[in-house]
2 protein chains.
Amino acid sequence: MSARLLVNGEPSTTVSAFDRGLSYGDGLFETIRFVRGVAPLWERHMARLHEGCLRLRQPLPDEETLLREAGRVIDGTEHAVVRITLTRGVGERGYAPPPARAPTRIVAGFDAPVMSGDAYAAGLRVRWCETQLAAQPLLAGLKHLNRLEQVLARAEWSDPAIGEGLLRDLDGRLISGTMTNLFAVLGGVLVTPALDRCGVAGVARAEVLTHQPEAQVRDMHPAELANASELFLSSSVRGILPVQAVGDTVYVPGPVTRALQRHWCGLGFPMEQA
Amino acid sequence: MSARLLVNGEPSTTVSAFDRGLSYGDGLFETIRFVRGVAPLWERHMARLHEGCLRLRQPLPDEETLLREAGRVIDGTEHAVVRITLTRGVGERGYAPPPARAPTRIVAGFDAPVMSGDAYAAGLRVRWCETQLAAQPLLAGLKHLNRLEQVLARAEWSDPAIGEGLLRDLDGRLISGTMTNLFAVLGGVLVTPALDRCGVAGVARAEVLTHQPEAQVRDMHPAELANASELFLSSSVRGILPVQAVGDTVYVPGPVTRALQRHWCGLGFPMEQA
């Protein structure tokens, strides 16, 4: 694995076997795309991390330290992804948070995934997942470390021609992809699922919603996708990805998708990332 | 922390920072009480771990290796708790399980918690938690590493006089304690909540249900506790613990609770553990 790592600011490839991130998934993470040392969505990542720390009652992150350490693990790589993990730190056995607040901070730099231009031009083929997301308002929207549902959903297929799987909640509502958020154009209106019960509120999704303030955030039913004139996925690592097919239903990238791809370029992401 | 540790059979205090147990909570654990080198409920722990590996599609555990390594980390301690953690191993970034199946095996030995005899004689004071459990049938019953709900619930109180918190699901059903299962005697019948939607199916709970085959496993409503003639908690580490009060409602340990405590002694757990 080509990665560079800092644990609590020190070069290391390991963490304590008693870290609560490992014992209980007790923590949060962000996966941040950098282009020539700059992360266009940095502020949004920090805002989500900040909210997650408040909701999990962890100490707030020191953003300057995180940015400095991100720069160290990028180490000049032009196209990099930095994963920041903040756990509640090392703890004794038992669920009770330790009285001393000494979080663990892991900053890891990776080469950015190579995406084919075709993924941005023609779009991804997508499938429906059988795994359904549980409703948990206390954790909804957060990028926390309890991700077994996503692991089970992503394990449902191995066909490399399928680029993403769509998830419903246990009531059958449409929620998101396994690692992306979903947008549809319905009757000329941009719509994305509400994430107050489950799902991860993506940083790219937040950018789309700011750029398209008339977009609707509401409960969505899978059957609505049959009427969509455009369908696309958003990812802070991979950008704006048109959906070319959900199962047998075919879509063509349209003007809203293309406008957002141009916006992504304007943010500083490379063309292939648009 | 007084603990002895083996990671994949080798003495170590750390795991890879890329372990999927840390990245996604992608794994399972068992917490096993040993008395003079013997774990009376060992077979039940292995059965649950086996089922968890099947359901998460992890390689099945090698029980002989686990037992041998448990003996090494106990290292002669008379009253020990061994935590076994099995993760899906080290992985690249991304939810997709790695093609090579190389799980991580962590075996950690701790001194058993010292329980006051009073906890067994008079019982624990218990509170209601605000945190409600999400329904996820794919994960229900398993002791997996996604435990943020339990962490949030346990963080609701710090009063040492409160020994446990009771959890409901999001539909208001009674489910369990944060680290124990719950039993009530209602109209002379032993009843415990069904755990097919959420909750951890405890090893001690399974032992109770085998010993009391007439017990009912069904959906339970919190209001039913007002009519209970006995209330107790089960834990593989702490045994059979009477509940002396839930909030302001007081209970007295009765014959069913005492019979199960005697059964626990008969299994080989010490008197204070009965």
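Relative contact order, whole percent, for chain B stands at 19, derived from Cα pairs under 8 Å and 6 or more residues apart.
Each Lys and Arg contributes +1 and each Asp and Glu -1, all at the Cβ; summed about the Cα centre of segment A:3-111, the dipole is approximately 260 debye.
Our coupling estimate for segment B:244-259, obtained by passing each phi through the Karplus curve with A = 6.51, B = -1.76, C = 1.60 and θ = phi - 60°, is 9, 6, 10, x, 9, 8, 9, 10, 10, x, x, x, 5, 4, 5, 5 Hz, Gly and Pro reported as x. About the centre of its Cα atoms, chain B shows a dipole size close to 400 debye [charges on the beta carbon of Lys, Arg (+1) and Asp, Glu (-1) only; nearest 20 debye]. Sort out for me the Cα centre separation of segment B:195-231 from segment A:29-65, rounded to whole Å. For segment B:195-231 versus segment A:29-65, the Cα centre distance is 43 Å.
Restricting to Cα atoms and excluding each atom paired with itself, what does the Kirkwood estimate give for the protein assembly as shown in Å? Evaluated over the protein assembly as shown, this radius sits at 24.6 Å. Annotation: amide H of B:Ala112 within the under-5 Å range of B:His79, B:Ala80, B:Val81, sequence separation 5 or more or interchain, hydrogens built in the peptide plane. Projecting the Cα atoms of B:Ala201, B:Pro255, B:Thr178 onto the dipole axis of chain B, where Lys and Arg carry +1 and Asp and Glu carry -1 at the beta carbon, places B:Ala201 farthest toward the positive end. Whole number please: convex hull volume per residue, Cα atoms of chain A, in Å³. Per residue, the Cα convex hull of chain A comes to 129 Å³. Sequentially through segment B:105-117, phi angles give Karplus couplings (6.51, -1.76, 1.60; θ = phi - 60°) of 10, 10, 10, 10, x, 10, 5, 5, x, 7, 9, 6, x Hz, Gly and Pro residues having no value and appearing as x.
Directionally averaged projected area (segment B:3-111, Cα convex hull): 6.3 nm². Between helix A:42-56 and chain A there is an angle of about 60 degrees, using the helix long axis and the longest principal axis of the Cα atoms. Amide H contacts for B:Ser176 (H built 1.01 Å from N in the peptide plane; partners 5 or more residues away or on another chain; cut-off under 5 Å): B:Leu167.
Applied to segment A:136-145, the Karplus parametrisation 6.51 cos²θ - 1.76 cosθ + 1.60 on θ = phi - 60° returns per-residue 3J(HN,Hα) values of 8, x, 5, 10, 4, x, 6, 9, 8, 8 Hz, with x for Gly and Pro.
Considering only DSSP beta bridges with both partners in segment A:117-273, what is the antiparallel share in %, to the nearest 5? Kindly include the intermediate steps, with their values, before the conclusion.
Working: 18 of 31 bridges.
Counting only bridges with both partners in segment A:117-273, antiparallel ones make up about 60 percent.
What is the calculated FRET efficiency for B:Ala259 to B:Val114, with r their C-beta to C-beta distance and R₀ = 41 Å, to the nearest 0.05? Could the numbers behind the result be given before it?
Values: r = 25 Å, r/R0 = 0.61.
According to the calculation, E is roughly 0.95.
Inter-copy label distances at B:Gly9, using a point 7 Å along Cα-to-Cβ, come to 4.0 nm with the shortest given first.
Taking B:Gly37, B:Gly123, B:Gly109 in turn, the Gaussian network model of chain B (Cα-Cα springs below 10 Å) assigns the largest fluctuation to B:Gly37.
If amide hydrogens are placed 1.01 Å from N in the peptide plane, which non-local residues have theirs closer than 5 Å to the one on A:Gln216? Amide H neighbours of A:Gln216, under 5 Å, 5+ apart: A:Leu190, A:Val191, A:Thr192. Label-point distances for B:Gly247 to the equivalent site in the other copies, using a point 7 angstrom along Cα→C-beta, read 4.6 nm when ranked shortest first.
Considering the zone a paramagnetic label at B:Glu64 would reach in this model (a point 7 Å from Cα along the Cα-to-Cβ line), which residues of segment B:84-128 have amide N under 15 Å from it? Output list for this probe position: empty. Positive-end ranking of B:Pro11, B:Tyr24, B:Cys53 along the dipole of segment B:1-60, with charges on Cβ about the Cα centre, is headed by B:Cys53. Per residue of peptide B:135-144, the mean number of Cβ atoms on other chains within 10 Å of the residue Cβ is 4.
Grab the Cα-Cα distance for B:Asp196 and B:Val250, subtract it from 0.36 nm times how many residues apart they are, and report the gain in nm with one decimal. Don't jump to the answer; show the numbers that get you there.
On the way: separation 54, 0.36 × 54 = 19.44 nm, distance 2.92 nm.
Separation in residues times 0.36 nm, less the Cα-Cα distance, equals 16.5 nm.
Does segment B:196-265 come out rounded, prolate or oblate by the C-alpha gyration tensor, with a ≥ b ≥ c the root eigenvalues, rounded set by a/c under 1.5 and, if not, prolate when a/b is larger than b/c and oblate if not? Taking the square roots of the gyration eigenvalues as a ≥ b ≥ c, segment B:196-265 is oblate.
Using only the Cα atoms of segment A:117-273, build the gyration tensor, take square roots of its eigenvalues as a ≥ b ≥ c, and label the shape rounded, prolate or oblate: rounded if a/c is under 1.5, else prolate if a/b is larger than b/c, else oblate. Show your work: numbers first, answer last.
On the way: a/c = 1.37, a/b = 1.26, b/c = 1.08.
Note, shape of segment A:117-273 comes out rounded.
When A:Glu156 is represented by a point 7 angstrom out along its Cα-to-C-beta vector, the spacings to that point in the other copies are 3.2 nm, nearest first.
Values in this text are rule-based calculations from the coordinates and carry no lab data. The model shown is predicted, which means the values in this text are computed figures rather than measured ones. Here Cβ is always computed from backbone atoms with ideal geometry, including for glycine, and neighbour counts include all displayed protein chains.
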